[in-house]
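One structure is given here, and the rest of the page talks about it.
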């Protein structure tokens with residue numbers, strides 16, 4: 001892909017980013033209730049003081065101007081002060097982010113690890129009992145409400161059998177110094193294998209809750225992509241060369257079938273960031289998602305606004321990345 | 001059905017014939033019907049008032065477990081309310097939200113899709129931009145963000161879900177309309193002097209109804225999960241109205257002592273969503289032969 | 001004469017479909033000797049490709065061989081274990097396909113796709129040697145600066161180069177039998193001649209046996225001493241090419257010839273064969289061409305077998321003896 005096409009694609013995402021920011025801006029602005037009143041709810045401010053605050057926040061200016069100010073601030077990472085942390089929203093976001101990214105990556109990797117072999121098997125054994133069983137399981141997987149699935153896992157694996165912890169990110173006695181914020185990395189950097197193990201065990205259930213329904217979806221993509229590739233001439237030609245079945249399937253067929261899979265996986269990663277809110281709440285995972293849910297009930301609107309914008313921008317960017325991956329992996333499309 | 005009869009049927013009728021031949025889909029449709037009937041007749045068939053608390057029956061197990069009794073077949077929750085009755089009334093919320101959201105979204109999406117696909121030009125650009133923007137949010141983030149601002153409640157859930165949901169039928173209808181635009185019957189209508197309104201609603205609309213139906217059922221499963229998720233987070237229907245999502249949330253604190261409080265409502269969601277997904281798969285196979293192998 | 005390299009007897013290949021089984025190759029007999037070229041002519045769906053995919057053991061499920069014997073160098077391929085058949089494939093019998101763009105894997109370089117065959121069959125000891133041999137092979141089929149182009153992807157080659165690269169891959173292991181399924185259709189006249197010349201050379205020098213599947217009778221006339229005409233899954237006529245073209249003994253062959261332009265008489269009116277190939281799932285035992293045949297009579301509804309028609313020829317037409325020279 002040439003630089004100019006890259007720029008062109010990048011340029012196409014700009015209106016979407018702008019639209020997304022506008023909606024997030026309107027979400028807060030058109031909300032019934034005066035943010036100043038909410039902010040001053042617990043203090044005994046005079047109407048004059050409220051007016052001063054309103055002016056300081058720019059709330060007395062016309063909407064378009066306020067949107068521009070909002071955009072300008074958002075670009076510099078200035079989302080105001082988180083009411084209950086009494087710190088800049090951005091700092092709080094960044095602090096919580098590694099936990100969420102760790103969980104999301106674990107989930108998507110798990111999903112791919114499950115989906116690829118199953119999808120390939122279903123495509124190869126097309127229209128057999130195995131294919132049908134797999135499509136039934138995957139339908140089951142996409143019908144599963146995530147929050148309930150998480151609770152079911154807790155009930156079985158934590159409460160009943162005690163294999164995994166009920167929630168949280170690690171045991172309190174195994175905490176290590178925060179370096180990257182990614183616990184799996186930090187524990188290894190600290191050379192604490194016991195803490196690494198604990199982190200991994202805490203990660204298991206939330207990652208499964210988030211990852212398995214995604215695996216169900218991805219398995220369908222793998223199956224249909226693989227099934228299509230298997231009918232192609234180049235697979236026939238590869239077989240005619242006398243290559244082993246494994247080499248034909250895993251190299252010739254899979255490399256092509258993975259192109260749409262990777263694309264969908266990148267987009268799904270964006271959705272998982274949103275799904276995190278539920279899973280983090282269920283498992284008490286100290287990430288961004290749980291923070292957002294808590295902030296909603298604390299009426300900590302600047303943080304909610306910033307987080308929603310962050311999710312949306314990440315999602316748009318991941319869609320863009322998916323597009324790049326599709327072109328990058330596909331030599332035919334590469335220009 | 002003979003070939004001659006098939007020739008006489010409309011695409012819709014033909015699709016229904018094919019759907020009726022699909023046993024799994026029929027079974028799924030029966031399950032959905034069962035849920036609908038249960039929801040409609042909840043006030044008459046529910047053994048108790050879903051809001052009736054009785055602290056003596058707090059976390060009473062289902063009838064088949066020790067300590068259960070058949071007067072409260074599925075046991076009671078942490079306030080001693082009958083779970084079966086709450087499940088029946090909860091079905092009303094799930095199905096009501098899903099049905100209203102899907103219907104409104106289908107109407108808006110279809111009209112927007114027709115306009116974008118047929119009129120093209122700035123209408124298409126405007127609608128396209130809006131669709132792209134809405135697709136720029138992960139669904140749950142969009143819904144949670146809006147619910148956070150608008151406040152919980154049945155009314156707001158419906159609004160929030162409609163805001164995003166119309167996009168899906170819009171995209172499908174736009175695509176179909178673009179294709180229909182070039183068809184002879186549209187050309188003919190245009191040549192006869194029919195206006196754009198007439199062509200869109202009278203000529204094209206009947207031909208895009210099947211895909212809209214398929215998309216609507218398929219999305220319905222998703223909307224039910226969305227409503228349950230929002231209610232689970234406490235952003236949905238407010239107590240004392242029972243909703244499956246909030247019932248699961250209520251039971252979370254009692255997993256050790258009373259597994260049934262959380263698991264049973266979740267099972268209800270799973271069964272309904274599974275049935276809808278199966279039925280929509282059957283509909284898709286019946287109505288959209290192009291998607292048969294996909 | 002030597003025993004033929006490939007000998008097929010009574011091959012019956014069936015594809016079960018929703019509307020009933022389709023016999024895609026029905027009681028097919030054929031022989032190809034070392035150094036010989038057999039042309040197989042027929043429309044698409046006539047069973048010519050299916051016949052040879054059956055020979056190579058490359059039928060796609062649910063298609064399967066129901067009956068028949070496939071002898072290659074004296075071994076019955078149908079009784080061979082999978083691993084041994086795979087070892088023969090690409091090594092002793094190879095396939096060249098019609099459309100190189102779809103036959104070459106878009107995700108691998110040309111070099112990878114050539115060396116893969118060489119390494120799999122241990123013709124080259126290591127990657128270095130394999131790349132050198134690959135470059136030599138590509139040069140042989142007329143690809144300029146082949147060594148530098150090994151790391152190109154198929155889409156970076158021109159159509160003609162791709163086609164020749166694909167044929168180079170097929171020939172990489174110096175197979176004894178090459179099944180070439182419309183290998184030159186996509187090429188222009190010069191390149192076509194060049195590729196066909198190469199195959200002729202290999203035939204003469206290495207004793208390559210060639211099965212040339214095509215709908216182009218002109219190519220067969222020029223390159224193949226023997227021809228076999230297929231229609232609706234059956235062999236309808238076979239024999240020495242010259243005799244078959246000069247005096248067809250089956251109305252379908254004659255129809256094919258009349259639908260082609262002739263070099264010596266370019267202004268001759270062309271007569272496409274009227275009508276449609278019968279539905280293969282709804283066949284009766286009679287002659288399958290009779291619905292399109294100008295010579296059809298009531299007796300054609302009875303089963304017809306392949307009968308000797310003189311000059312080492314066979315025809316599946318009860319009126320073959322009457323057909324004027």
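The table that follows gives values for the structure above.
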quantity	calculated
Residue within region B:120-133 that is surrounded by 15 or more Cβ atoms within 10 Å (Cβ to Cβ) and at pLDDT below 80 present	no
Residue A:122, sole failed condition from (1) closer than 30 Å to residue B:265 by Cβ; (2) modelled with pLDDT of 90 or more; (3) crowded, with 18+ Cβ neighbours inside 10 Å	(1)
Boolean, residue A:272 is surrounded by 20 or more Cβ atoms within 10 Å (Cβ to Cβ) and out of contact with any helix residue (DSSP H, G or I) (no Cβ under 6 Å at 6 or more places or on another chain)	no
Some residue of region C:133-140 being more than 10 Å from chain A (Cβ to nearest Cβ), at pLDDT below 90 and under 25 Å from residue C:213 (Cα atoms)	yes
Residue in region C:170-179 that is buried (at least 17 other Cβ atoms within 10 Å of the Cβ), modelled with pLDDT of 90 or more, in a helix (DSSP H, G or I) and within 14 Å of chain A (Cβ to nearest Cβ) present	yes
Options B:229, B:243: the member that is within 11 Å of chain A (Cβ to nearest Cβ) and either in contact with a helix residue (DSSP H, G or I) (Cβ under 7 Å, 6 or more places away or on another chain) or at negative phi (or both)	B:229
Single residue of B:214, B:237 found to be more than 11 Å from chain A (Cβ to nearest Cβ), modelled with pLDDT under 90, crowded, with 20+ Cβ neighbours inside 10 Å and under 14 Å from residue B:94 (Cα atoms)	B:237
Verdict on residue A:242 being surrounded by 21 or more Cβ atoms within 10 Å (Cβ to Cβ) and facing chain C (nearest Cβ under 9 Å)	yes
Qualifying positions in region B:105-160 - under 26 Å from residue B:200 (Cβ atoms) and within 16 Å of the chain's Cα centre (by Cα)	B:105, B:106, B:107, B:108, B:109
Region B:269-285, subset surrounded by fewer than 22 Cβ atoms within 10 Å (Cβ to Cβ) and farther than 16 Å from residue A:137 by Cα, residue farthest from the other protein chains (Cβ to nearest Cβ)	B:285
Residue A:278 vs. criteria part of a helix (DSSP H, G or I), within 11 Å of chain B (Cβ to nearest Cβ) and touching a residue at least 60 places away in the same chain (Cβ under 8 Å)	yes
Residue in region A:297-316 that is within 14 Å of chain C (Cβ to nearest Cβ), assigned to a helix (DSSP H, G or I) and more than 23 Å from residue A:106 (Cβ to Cβ) present	no
Qualifying residue in region A:317-325 (condition: within 14 Å of residue B:148 (Cβ to Cβ), assigned to a helix (DSSP H, G or I) and away from every other protein chain (no Cβ under 11 Å))	no
Meets criteria (within 11 Å of another protein chain (Cβ to nearest Cβ) and within 25 Å of the chain's Cα centre (by Cα)) for residue C:90	yes
Given (1) in contact with a strand residue (DSSP E or B) (Cβ under 9 Å, 6 or more places away or on another chain); (2) surrounded by 17 or more Cβ atoms within 10 Å (Cβ to Cβ), index of the condition residue A:70 fails	(1)
Residue selected from region A:146-171 under the condition out of contact with any helix residue (DSSP H, G or I) (no Cβ under 7 Å at 6 or more places or on another chain) and more than 9 Å from every other protein chain (Cβ to nearest Cβ), by the criterion surrounded by the most Cβ atoms within 10 Å (Cβ to Cβ)	A:156
Residue count for region A:115-145, restricted to those that are within 12 Å of chain B (Cβ to nearest Cβ) and under 27 Å from the mean Cα position of the chain (by Cα)	11
Selection within region B:80-138 - over 30 Å from residue B:238 (Cα atoms) and not in a helix (DSSP H, G or I)	B:120
Residue A:214 vs. criteria more than 11 Å from every other protein chain (Cβ to nearest Cβ) and over 30 Å from residue A:77 (Cα atoms)	yes
Within region A:281-296, considering residues that are more than 10 Å from chain B (Cβ to nearest Cβ) and either free of Cβ contacts under 8 Å to residues at least 24 places away in the same chain or buried (at least 20 other Cβ atoms within 10 Å of the Cβ) (or both), the one nearest to residue B:152 (Cα to Cα)	A:294
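The values are calculated or read from the model by the stated rules, or taken from the named source; none is laboratory data. Bear in mind the structure is a predicted one, so any value in this text is a computation, not a measurement. Don't worry about glycine lacking a Cβ; one is built from the backbone with ideal geometry, like all the others, and counts go over all protein chains shown.
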